Amino acid sequence: HEAILKTVLGDFYAQDKHYGSAYLGDQCFDSETKVDVISPNTGQKFVSISHAQPDVIENVINSAKTEFYHWRSVPAPQRGELVRLFAEKARAAKHQLATIISLESGKPFQESLGEVQELIDVCDFAVGLSRQLYGLTIATERPNHRMMEQWHPIGPVVIITAFNFPMAVWAWNATLSLICGNSIIWKPSSQTPLSALACHRLLLSAIKKFGGNAELSSIVFGEKTQVEQLVDHKDIALVSATGSCAMGRAVNCRVAARLGRTLLELGGNNAMIVCPSADLELAIRAITFSALGTSGQRCTTLRRLIVHSSLKYQVLTKLEAIYNTVSIGDPFDGLNLMGPLINQQAIDSMKVSINTAISQGGKLITGGERVSNLSNKGKEEHGFYITPAIVDIDPQADIVQQETFAPLLYVHSYDSLDQAIAIQNSVCQGLSSAIFTKDMAEAEIFVSAKGSDCGLVNVNMGTSGAEIGGAFGGEKDTGGGRESGSDAWKSYMRRMTNTINYGSELPLAQGINFDM
Ligand code: UN1
């Protein structure tokens, strides 16, 4: 793995395993602080990083602004060419990039490959978009006038990402920002600094080949203080943040105070309804991937299962058998479907949620036990492995309102579809949802205005694993943002309405007479 890091990180590779505090284009900065990054796979120190100092952050923002003034004038299809060059490099480095994701986030290698593919897919999407970015021409009420809209670049974009998708979520934001004409500053999760550095380095080499300026892309490492300085800055045109509802709320309040723009993709508390007519075999497979994939650490992870009461016993029995035998361990071992949780805190909060659920009347069906892991050298390692849990609980219990970022599935039962939809919509988050049914009316009701209140609403498939072509995001406490596909690019641009008079009169709108 060290050889892979060396190749992918190039000049940024640190022999002593200590990385900088900020990477402004190709310049690296360091600071006094030294923070250890613990590997979720082994529980051992992996590397260390520093946190960026205020003057360095100011420098990063100023450079991003200067570079924006240049980049915004490069024609969009040429900006797309930069993203195409980056995708070419990402394709060639797919396995190496996936290795870095699994090393840092503990994601099973298969899923890490999927994440890199998601990054490549969104690049392709962005390249196509770079020849579109359409504005409308609108019928005007005035003779000899034309009214139209144009979309222009907005300025430097700050991209805040989480550990669970350390490359793909950046790619959604970075590729669209770049083709839209904006410079980018990335504040990645402190758990996954090398994933960020690897992507940044590939982008820099694409920029070099393209003949652009390195200042187009920067990385700032840090926590709350660094985030506050970035999001408070008036020159940051857009803050795109992915993470917990608490983080998003804090960021949103600060940006709102300066009337800035945010794009939020926050917590999910995703549910699936299993109806009497459901294909149970398919449903069980969908539940398994949605609830256990990425060890329950996707924002789209299935957290609540709403099963028709006639099926509850059958579904629980099948799930319990799967949960008890699912292979957990080293993410590089292809036989394991689950890797570790990200850190000790994640293990603790899963345990606290299980205990709270039990104290609120829930019944633990299975799971929640720490698993030790034998490394391939036969040495016991203390990664953050835990068995996935199922709790049978009343949907009214307070704990159900909360997203616990772990493989913890709450199961409820229902009798009428109205009741099931009410349960599905009763939480404060609104990201993803699903229904399993062969009854067309039930499926249509679920996707109708009186159905699910989420941003992603699926029929006969799970809640997670969205493809990049659709707009990704959710309602309510999920933050309302839409990223990735469809017309999500509009969030990264400013809309200009132009009205052009090609006549020799000055007719006023609304028929106003103002003759002198
Ligand atoms: C996230 O967990 O923040 O739909 C993103 C999915 C993935 C993206 C998840 N394509 O599960």
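So here's what we get for this one:
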| item | result |
| --- | --- |
| Check on LYS438, touching a residue at least 24 places away in the same chain (Cβ under 8 Å), surrounded by fewer than 23 Cβ atoms within 10 Å (Cβ to Cβ) and under 23 Å from ALA278 (Cα atoms) | yes |
| Criterion: in contact with a His (Cβ under 7 Å, 6 or more places away or on another chain) and surrounded by 20 or more Cβ atoms within 10 Å (Cβ to Cβ) - qualifying residue of SER39, SER21, SER31 | SER21 |
| Check on GLU115, touching a Ser or Thr at 6+ places or on another chain (Cβ under 8 Å) and among the charged types (D, E, K, R) | no |
| Neighbours by Cβ (under 6 Å, 6+ apart or cross-chain): first from the range 344-371, hydroxyl-bearing (Ser, Thr, Tyr); second in a strand (DSSP E or B) | SER353/LEU408; THR366/ILE390 |
| Filter result for ASN252 (closer than 30 Å to ALA441 by Cα, of a type in the set (S, T, N, Q) and touching a strand residue (DSSP E or B) at 6+ places or on another chain (Cβ under 7 Å)) | no |
| Residues that are buried (at least 24 other Cβ atoms within 10 Å of the Cβ) and among the β-branched types (Val, Ile, Thr), drawn from the range 134-186 | VAL157, VAL158, ILE159, ILE160, THR161, VAL169, THR175, ILE179, ILE184, ILE185 |
| In the range 213-230, residue nearest to the ligand (Cβ to nearest atom) [restricted to those that are under 25 Å from THR33 (Cα atoms) and part of a helix (DSSP H, G or I)] | VAL227 |
| Scope the range 467-487; condition more than 16 Å from SER452 (Cβ to Cβ), among the polar types (S, T, N, Q) and either part of a strand (DSSP E or B) or within 11 Å of the ligand (Cβ to nearest atom) (or both); matching residues | SER484 |
| Residue under evaluation ASN458, criteria (1) more than 16 Å from the ligand (Cβ to nearest atom); (2) buried (at least 23 other Cβ atoms within 10 Å of the Cβ); (3) of a type outside the set (Asp, Glu), criterion not met | (1) |
| Where ALA488 falls short, out of the listed (1) under 30 Å from MET350 (Cα atoms); (2) in contact (Cβ under 8 Å) with a residue 40 or more places away in the chain | (1) |
| Count of the range 139-176 residues which are touching a Phe, Trp or Tyr at 6+ places or on another chain (Cβ under 7 Å), closer than 30 Å to LYS107 by Cβ and of a type in the set (S, T, N, Q) | 1 |
| Identity of the residue in the range 288-316, of a type in the set (Ser, Thr, Tyr) and touching a helix residue (DSSP H, G or I) at 6+ places or on another chain (Cβ under 8 Å), that ends up farthest from the ligand (Cβ to nearest atom) | THR288 |
| ASN498 away from the ligand (no atom under 16 Å from the Cβ) and part of a strand (DSSP E or B) | yes |
| Identity of the residue in the range 142-177, more than 20 Å from HIS200 (Cβ to Cβ) and of a type in the set (A, V, I, L, M), that ends up farthest from the ligand (Cβ to nearest atom) | MET147 |
| Boolean, ILE445 is among the β-branched types (Val, Ile, Thr), assigned to a loop (DSSP other than H, G, I, E, B) and over 17 Å from ARG303 (Cα atoms) | no |
| Some residue of the range 72-84 being modelled with pLDDT of 95 or more, of a type in the set (A, V, I, L, M, F, W, C) and under 18 Å from LEU24 (Cα atoms) | no |
| Unique match (being away from the ligand (no atom under 16 Å from the Cβ) and within 30 Å of PRO156 (Cβ to Cβ)) among GLY260, GLY248 | GLY260 |
| Test: SER309 is over 23 Å from ASP477 (Cα atoms), hydroxyl-bearing (Ser, Thr, Tyr) and surrounded by fewer than 22 Cβ atoms within 10 Å (Cβ to Cβ) | yes |
| Evaluation of THR325 against (1) in contact with a Leu (Cβ under 7 Å, 6 or more places away or on another chain); (2) without any contact (Cβ under 8 Å) to a residue 24 or more places away in the chain; (3) β-branched (Val, Ile, Thr) (one fails), failing number | (1) |
| Given (1) among the hydrophobic types (A, V, I, L, M, F, W, C); (2) in contact (Cβ under 8 Å) with a residue 40 or more places away in the chain; (3) part of a helix (DSSP H, G or I), number of the condition ALA196 does not satisfy | (2) |
| Selection status of ALA206, in contact (Cβ under 8 Å) with a residue 24 or more places away in the chain, more than 16 Å from the ligand (Cβ to nearest atom), more than 21 Å from THR294 (Cβ to Cβ) and of a type in the set (Gly, Ala, Ser) | yes |
| In the range 443-455, residue farthest from the ligand (Cβ to nearest atom) [restricted to those that are within 19 Å of ASP279 (Cβ to Cβ) and touching a strand residue (DSSP E or B) at 6+ places or on another chain (Cβ under 8 Å)] | ALA443 |
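One line per residue, one yes/no per condition, for (1) in contact with an Asp or Glu (Cβ under 6 Å, 6 or more places away or on another chain); (2) surrounded by fewer than 22 Cβ atoms within 10 Å (Cβ to Cβ):
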residue: TYR492; (1), (2): no, no
residue: THR497; (1), (2): yes, yes
residue: TYR502; (1), (2): no, yes
residue: LEU506; (1), (2): no, yes
residue: GLN510; (1), (2): no, yes
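The values are calculated or read from the model by the stated rules, or taken from the named source; none is laboratory data. If you're wondering where the values come from, they're calculated on a predicted model, not measured in any experiment. Here Cβ is always computed from backbone atoms with ideal geometry, including for glycine, and neighbour counts include all displayed protein chains.
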